[in-house]
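To keep things clear, I will list the structure first and then write my remarks on it.
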Amino acid sequence: MIPGFARITLCPHCGGEKEIMSLMSGNSIGAERWSDDKLIAPILRKPSPVQKCPHCGNYYFMPPHEETRKSESLFGTRGLLGYQEWKEAYWQFCESLESPENICKVNPIRLNKVRLWVLQAYNDFYYRGNDEQFPSAEEFEFVRSIAIRFVEEYEDVEPLMKAEIYREINEMQKCLEMLSNISYEQLNESQKRIYCEIKERMEKSDNRIFRLKQ
């Protein structure tokens, strides 16, 4: 992994600057892929797609490369958000979607992507590498509600991914229905392994995420 010059982003709320890391090169060697579509790649570290402004505390989407300017520093932050911050960002974007100003440039497709990132952050906090704490009923219901909206409102979600998300939120019957509608023979070898992993866990009423086998 070779770092590049940081990129300077401007907060659309207050105009405050934030230096975000960039890479000249990287690769996926040693990467972990998880059942919730999370990729953890130690040699391909990317900034968070949503950033929190260090000046006003509001959230904004990482702008395209051409809308940033280069810093003189090779060091910048990834701006990774924790689970509680992702929740704050989600509620802010929900409000922005209804606002006539909508300075965050939120649309339904972007908001639905945020729902997946909230689910992944929830899994980070409670399940990924952590076997000691469990979500409250309130936390689980919150994540369950946004996961259902993600599955039902995002047309590009593959059936196998839909089945997995239903399993993660304890909707085992819906998980089974999705799996039943998938033609196992038409899946590639990697997809067949994932299908079997989901089915095995669904039959055991196990809703924990799992690392995908390479």
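The values are calculated or read from the model by the stated rules, or taken from the named source; none is laboratory data. It should be emphasised that the depicted structure is a prediction, and the values quoted were computed from it without experimental measurement. Cβ: placed from backbone, ideal geometry, glycine included. Neighbour counts: every protein chain shown. Calculation scope for accessible area: heavy atoms of the full protein, side chains included, ligands and nucleic acids excluded. Shrake-Rupley method; radii C 1.70, N 1.55, O 1.52, S 1.80 Å.
Would you mind telling me the share, in percent, of accessible area of the chain contributed by carbon and sulfur at probe 1.4 angstrom?
Numbers: 6110 of 12300 Å².
Carbon-and-sulfur percentage of accessible area, whole number: 50.
I'd like to check one number: the per residue accessible area of the range 99-214, probe 1.4 Å, reported in Å² as a whole number. Let's see the in-between values first.
Numbers: 6800 Å² over 116 residues.
Accessible surface, normalised per residue, equals 59 Å².
Quick one: net charge of Ala31's neighbours, Cβ under 12 Å, K/R +1, D/E -1? Write out the running numbers ahead of the final one.
Details: positive: Arg33, Lys38, Arg45, Lys46, Arg211; negative: Glu32.
Its environment carries a net charge of +4.
Quick one: helix 159-168 against the long Cα principal axis of the chain, what's the angle to the nearest 10°, folded into 0 to 90?
90 degrees
Once the Cα gyration tensor of the range 88-141 is diagonalised, what are the square roots of 5 times its eigenvalues, in whole Å and ordered largest first, as equivalent ellipsoid semi-axes? Could you put the intermediate results ahead of the total?
On the way: eigenvalues 158, 24, 11 Å².
Largest first, the range 88-141 gives 28, 11, 8 Å.
Among Lys113/Lys192; Lys38/Lys87; Lys18/Lys113; Lys18/Lys162, which pairs are too far apart, with a Cα-Cα distance over 28 Å?
Long pairs (Cα-Cα over 28 Å): Lys18/Lys162.
Using 0.36 nm per residue of separation minus the Cα-Cα distance, give me the extension gain between Leu187 and Ser136 in nm, one decimal. Before the final figure, lay out each step's value.
Details: separation 51, 0.36 × 51 = 18.36 nm, distance 3.64 nm.
Value of the extension gain: 14.7 nm.
Using the basic label-point model (7 angstrom from Cα toward the beta carbon), what is the Ile148 to Trp91 distance in nanometres?
2.0 nm
Suppose every Lys and Arg Cβ carries +1 and every Asp and Glu Cβ carries -1, with no other charges. What dipole size does the range 96-156 come out with about its Cα centre, to the nearest 20 debye?
Numbers: 7 positive and 12 negative charges, 49 e Å.
Rounded to the nearest 20 debye, it is 240 debye.
Kindly rank 116-128, 58-70, 95-107 from highest to lowest mean number of other beta carbons found within 10 Å of each residue.
Numbers: 116-128: 20.4, 58-70: 14.8, 95-107: 12.8.
Going by the mean number of other Cβ atoms within 10 Å, highest first, we get 116-128, 58-70, 95-107.
With the Cα gyration tensor of the range 41-159 giving a ≥ b ≥ c as the square roots of its eigenvalues, does the rule (a/c under 1.5 for rounded; else a/b larger than b/c for prolate; else oblate) give rounded, prolate or oblate? Write down the numbers at each step before the final one.
Details: a/c = 1.71, a/b = 1.24, b/c = 1.39.
It comes out oblate by the Cα gyration axes.
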